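Report on one structure; see the data block that follows.
Since every read-out is calculated from the coordinates, none of them should be taken as a lab result. Predicted model, so just to flag it, every value in this text is computed and none were measured. Counting neighbours? That spans all protein chains shown, and the Cβs are built from the backbone with ideal geometry, glycine included.
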Amino acid sequence: MNNKTLSILSYVTIIGWIIAFVKSKDLTPKSDLVRYHLKQGFGIFLVSLVVNVALSIIVTIVPALYFLSYIGYVIFILWIFGIINAANEQKKPIPIVGQVFEDKFSFID
């Protein structure tokens, strides 16, 4: 797989991320683009996991706050931005949350 494919795959579910992570270890020389999108993809996965768990608990306790579930659409849009950046082979952070993940997840390096 080439760098562009691995970068896009790093956003497609956690299984896709794991495949991209394992395949990126085989690349010679190491690709900064793939590493960057692996970090961004893992970060957006963690954000979506935390937000979904928190919203499930909140909406279960206070059903009147059901409108908060629209935050999931915002996360979906951010995910789309990540895929577009990977397809264009750009190292741009995902809006809002992407800059937080640029220097995190040292196990990816």
Per-q log10 I(q)/I(0), segment 1-46, q = 0.15, 0.19 Å⁻¹ (Debye; single scatterer per alpha-carbon; no solvent): -0.27, -0.44
Percentage relative contact order, the chain, counting C-alpha pairs under 8 Å, at least six apart: 33
Chain lengthening between Glu89 and Tyr73 when straightened (0.36 nm per residue, less Cα-Cα): 3.3 nm
Set of lysines with alpha-carbon distance to Lys30 below 17 Å, sequence-local pairs under 8 removed: Lys4, Lys39, Lys91
Environment charge of Val12, counting only residues whose C-beta is closer than 14 Å and scoring Lys/Arg +1, Asp/Glu -1: +2
Proportion of all alpha-carbon pairs of the chain beyond 23 Å (%): 29
Gyration tensor verdict on segment 24-64 (Cα atoms; rounded if a/c is under 1.5, prolate if a/b is larger than b/c, oblate otherwise): prolate
